[in-house]
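The structure under discussion appears below in the form of structure tokens.
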Amino acid sequence: MADLSRSEWRAARPDRFTAVVFDLDGILVETEALWDEVRRGLAAAEGIPWPEAATAAMMGMSTPEWSTYLAETVGLSGTPEEVGKRVIDGMAARYATGLPVLPGAQAAVRRMAEHHLVGVASSSPRRLIDLVVHELGLDGVFTATVSTEEVAAGKPAPDGYLRACELLGVSPHDAVGIEDSTNGIRSLHAAGMTIIHIPPSFHAPDEETRALCDAIIPTLDRLTEELLAGL
């Protein structure tokens with residue numbers, strides 16, 4: 001694909017879908033619980049009780065959104081920018097001890113890249129996206145990666161996925177998104193993309209949200225050309 005322009009690539013591939021866009025946390029790496037632990041740890045260190053709705057509320061938010069939530073709603077000390085840096089530093093430190101890669105992650109991305117453009121649209125900050133992509137050995141495989149801190153609004157708004165499709169040069173209607181979370185699914189739905197859901201072990205979506213999905217598979221190993229051809 002590297003030697004072909006996007007128009008040549010599309011002409012050479014008659015597939016129903018031109019692109020596959022992956023979420024990161026909960027899809028390629030099992031980090032949703034780590035985000036929660038780091039954030040809760042900062043609150044506990046300041047003696048602040050953790051609000052019951054906080055964990056679910058922040059899933060899918062962009063960095064400016066969740067850092068503001070932590071500062072203003074949870075009550076962590078410092079500006080949103082300072083809070084965000086403390087959380088991201090904590091996550092980077094956790095990653096340094098071993099990246100929790102989900103089974104089949106690298107193989108699934110490479111399998112999709114054989115027939116489609118592939119991208120990432122994640123709520124993680126750019127620093128962590130680049131770190132994960134590098135540690136997974138997928139530098140140069142993804143044509144585009146987007147952090148929702150780089151768009152106007154995080155998930156469930158469609159901005160991140162729409163930007164990924166824009167960078168890939170494809171229509172959202174010709175793209176598939178791979179998601180685990182409620183806000184991620186709703187983001188894909190709002191973007192008008194086909195949705196493949198992999199149920200998470202952490203804060204699973206409700207039935208109403210799952211009904212928005214075009215396919216539900218247990219693991220990335222089931223993400224195949226045969227599955228996409230049947231959608």
Among the candidates Ala113, Ala105, residue that is at pLDDT 95 or above and within 14 Å of Asp25 (Cα to Cα): Ala105
Can you tell me which residues in segment 62-77 are surrounded by 15 or more Cβ atoms within 10 Å (Cβ to Cβ) and not in a helix (DSSP H, G or I)? Ser62, Leu76
Of all residues being part of a helix (DSSP H, G or I) and not polar (S, T, N, Q) in segment 50-61, which is surrounded by the most Cβ atoms within 10 Å (Cβ to Cβ)? Just the residue, please. Met58
From the option list Ile196, Ile178, single residue qualifying as touching a Phe, Trp or Tyr at 6+ places or on another chain (Cβ under 9 Å), in contact (Cβ under 8 Å) with a residue 12 or more places away in the chain and surrounded by 23 or more Cβ atoms within 10 Å (Cβ to Cβ) is Ile178
Output the number of the condition that Val133 fails; it satisfies all remaining conditions of (1) assigned to a helix (DSSP H, G or I); (2) in contact (Cβ under 8 Å) with a residue 24 or more places away in the chain; (3) in contact with an Asp or Glu (Cβ under 8 Å, 6 or more places away or on another chain). (2)
Any idea which of (1) surrounded by 21 or more Cβ atoms within 10 Å (Cβ to Cβ); (2) assigned to a loop (DSSP other than H, G, I, E, B) is the one Arg39 doesn't satisfy? (2)
Looking at segment 143-175 only, could you name the residues that are part of a helix (DSSP H, G or I) and surrounded by fewer than 23 Cβ atoms within 10 Å (Cβ to Cβ)? Glu149, Glu150, Asp159, Leu162, Arg163, Glu166, Leu167, Pro172, His173, Asp174
Among the residues of segment 181-190, which ones are surrounded by fewer than 24 Cβ atoms within 10 Å (Cβ to Cβ) and among the hydrophobic types (A, V, I, L, M, F, W, C)? Ala190
Just one of (1) among the small types (Gly, Ala, Ser); (2) out of contact with any Lys or Arg (no Cβ under 7 Å at 6 or more places or on another chain); (3) not in a loop (DSSP other than H, G, I, E, B) trips up Ala204, so point out which. (3)
Pick from segment 78-99, criterion outside any helix (DSSP H, G or I) and surrounded by 14 or more Cβ atoms within 10 Å (Cβ to Cβ), ranking: nearest to the chain's Cα centre (by Cα): Leu99
With the first residue restricted to segment 205-230 and required to be farther than 18 Å from Lys155 by Cα and modelled with pLDDT of 95 or more, and the second required to be of a type in the set (Phe, Trp, Tyr) and not in a helix (DSSP H, G or I), Cβ contacts under 8 Å at 6 or more apart or on different chains are Leu228/Phe17
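Is one or more of the residues making up segment 6-20 among the hydrophobic types (A, V, I, L, M, F, W, C), assigned to a loop (DSSP other than H, G, I, E, B), surrounded by 15 or more Cβ atoms within 10 Å (Cβ to Cβ) and at pLDDT below 90?
Checked against the condition, which is being among the hydrophobic types (A, V, I, L, M, F, W, C), assigned to a loop (DSSP other than H, G, I, E, B), surrounded by 15 or more Cβ atoms within 10 Å (Cβ to Cβ) and at pLDDT below 90, segment 6-20 yields no hits at all.
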Considering each of Leu76, Leu34, Leu70, Leu42 in turn, give the residue that is more than 24 Å from Asp159 (Cα to Cα) and without any contact (Cβ under 8 Å) to a residue 40 or more places away in the chain. Leu76
Confirm whether Thr31 is β-branched (Val, Ile, Thr) and surrounded by fewer than 14 Cβ atoms within 10 Å (Cβ to Cβ). no
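The values are calculated or read from the model by the stated rules, or taken from the named source; none is laboratory data. All figures in this text were calculated on a predicted structure; none of them were measured in a lab. Heads up, the Cβs are rebuilt from the backbone with ideal geometry, glycines too, and the neighbour counts pull from every protein chain shown.
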